[in-house]
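First comes the structure, then the notes that go with it.
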Amino acid sequence: MKVSIVGAGAFGSAIASVFAKGGHSAKLFSPTNFKELSATRVPKKLGNIKLPKEIDIISSIEKTYQCDYVFLAVPTQSLATFCEKHNSFLKDRPLIACCKGVDQKTGLRPSEILSQYSARVAVMSGPSFAIDIIKGMPTALVLASTKASFLRQLQSDISMQNFRLYRTSDVVGVELGGALKNIIAIACGVAIGARKGDSARAALMARGFSEMVSFSKAHGAKEKTLSGLSGLGDLSLTCNSDKSRNFVFGLSLGCRKAFDKNTTVEGVATALAVKKKAKSLGLEMPITSCVSALVEGSASTDEVIQSLLSRPTKEE
């Protein structure tokens, strides 16, 4: 099988490696770091792990025309612009979104952006760190699509022993689970960075999950989906590991330390987009609101923590 992976960041490089080791023909399109990656074959932020020699690293998307699937590991906030630029290539192809978040400008989810270019669109999400995937560690993810036959074929084609893929038709639930957990991970990072303890983190995870469910159900998602890999599973992973960019970003805010501005933190833009949507729906999402205020600079860490602690007590 021939697959094209667009975006040679950590996750794109990791799944390209999985596919290549699984015997598939993999082309990795590197629009921003082609020269460095092709010379070293070592993706940034993945240690000293080299990409398999079977991966064809390319600088032109035209070289990927003959492929069965296109996996887009482009940051959510850049996805719409990328798609507009490469409209002729993407048109009517099987497209799989591998990014998490909500577009801040339009409020669209990745699948909604891709659906403007193809009828065959799927989403891949769940608890997964790129470093674990590229090392071949066991990983379970979810594939979501409203096209049943396309979804079954995709699942069959790319599932491997250490790369387990489950399927669902609940695209909304899968995407919002993957997007919203990043907001909660930032909040948990803030709590740990401010030395509020693991109990505070657990409380934020529990109440944050409640926010995730409420917001997702308001958009037509199934609560069962949020209790699965792409919701609770991803939330658990992201809020409890310093491998998580969103958690580490929150950690830096909590302890008032600098953070690498070149690192993609999807939870920042997602928090702002979700806060806006929640307000229009009349949904109360205090953790999301606090994270938004923090990243906007309209509230300090101490003010945000105090705001959450001073909320009225009520029945859970």
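Place +1 on the Cβ of every Lys and Arg and -1 on the Cβ of every Asp and Glu in the chain, take the dipole about the Cα centre, and give the residue among Leu180, Phe249, Phe19 whose Cα lies farthest towards its positive end. Working it through, the farthest residue towards the positive pole turns out to be Phe19.
For the pair Thr40 and Glu54, label points projected 7 Å from Cα toward Cβ lie 2.5 nm apart.
For the chain, which DSSP H helices look membrane-span-like by this rule: Cα extent along the axis of 20 Å or more and mean Kyte-Doolittle of at least -1.0? What comes out of the filter, once short or polar helices are dropped, is 171-193, 198-218, 266-281. Rounded if a/c is under 1.5, else prolate if a/b is larger than b/c, else oblate: which is region 69-198, with a ≥ b ≥ c the root eigenvalues of its Cα gyration tensor? Oblate shape, in that a/c is at least 1.5 and b/c is the bigger or equal ratio. Specify whether the C-alpha gyration tensor of region 174-316 places it in the rounded, prolate or oblate class, a ≥ b ≥ c being the square roots of the eigenvalues: rounded for a/c under 1.5, otherwise prolate if a/b is larger than b/c and oblate if not. Rounded is the answer for region 174-316, as its axis ratio a/c remains below 1.5. Which of the residue pairs Lys35/Lys63; Lys50/Lys243; Lys91/Lys243 have a Cα-Cα distance greater than 24 Å in the structure shown? Distance filter (> 24 Å) returns Lys91/Lys243.
Of all aspartates and glutamates in the structure, the ones whose alpha carbon falls short of 15 Å from that of Lys196, not counting any fewer than 8 places away in one chain, are Asp302, Glu303.
The apolar share of the surface of the chain, taken as the fraction of accessible area on carbon and sulfur atoms (1.4 Å probe, ligands and nucleic acids excluded), comes to 50 percent. Computed with a 1.4 Å probe on the full set of protein chains, the accessible area for Tyr65 sits at about 90 Å². Hydrodynamic analysis of region 1-51 uses the Kirkwood radius over alpha carbon pairs. Inserted into Stokes-Einstein at 37 °C and 0.692 mPa s, it gives a translational diffusion coefficient of 303 µm²/s.
Over region 181-302, accessible surface divided per residue gives 46 Å², non-protein components excluded, 1.4 Å probe. For region 83-142 versus region 225-256, the spacing of their alpha-carbon centroids is 19 Å.
Tell me, what is the per residue accessible area of region 1-122 in Å², probe radius 1.4 Å? Intermediate values should be presented prior to the final figure.
Details: 5470 Å² over 122 residues.
About 45 Å² of surface per residue is accessible.
Could you work out the relative contact order of the chain? I mean the mean sequence separation of Cα pairs under 8 Å and 6+ apart, divided by the number of residues, in percent. All intermediate terms of the calculation are to be shown ahead of the outcome.
Working: 607 pairs, mean separation 46.6, N = 316.
After rounding, I find 15 percent.
Spin-label pair Lys91-Ser199: with each label point 7 Å from Cα along the Cα-Cβ axis, the two points sit 6.2 nm from one another. Dividing the summed -39500 (n - 2.57) terms of all DSSP H runs of n ≥ 4 by the residue count of the chain sets its mean residue ellipticity at 222 nm at -14500 deg cm²/dmol. Principal axis extents of the Cα atoms in the chain, from largest to smallest and rounded to whole angstrom, are 58, 39, 36.
Note on region 18-89: the C-alpha convex hull projects to 5.4 nm² when averaged across all orientations.
Between the listed residues Gly101, Leu37, Phe82, the Cα displaced farthest toward the positive end of the dipole of region 1-119, a dipole computed from Cβ unit charges relative to the Cα centre, is found at Leu37. Look at the Cα gyration tensor of region 128-246: its axes a ≥ b ≥ c give a/c of at least 1.5 with a/b at or below b/c, and that counts as oblate.
The values are calculated or read from the model by the stated rules, or taken from the named source; none is laboratory data. Note that the coordinates shown come from a computational prediction; the quantities given were computed from them, not determined experimentally. Neighbour counts are summed over all protein chains in view; Cβ atoms, including those assigned to glycine, are modelled from backbone coordinates with ideal geometry. Keep in mind that these areas ignore ligands, DNA and RNA; they rest on the heavy atoms of the full protein, side chains included. Shrake-Rupley method; radii C 1.70, N 1.55, O 1.52, S 1.80 Å.
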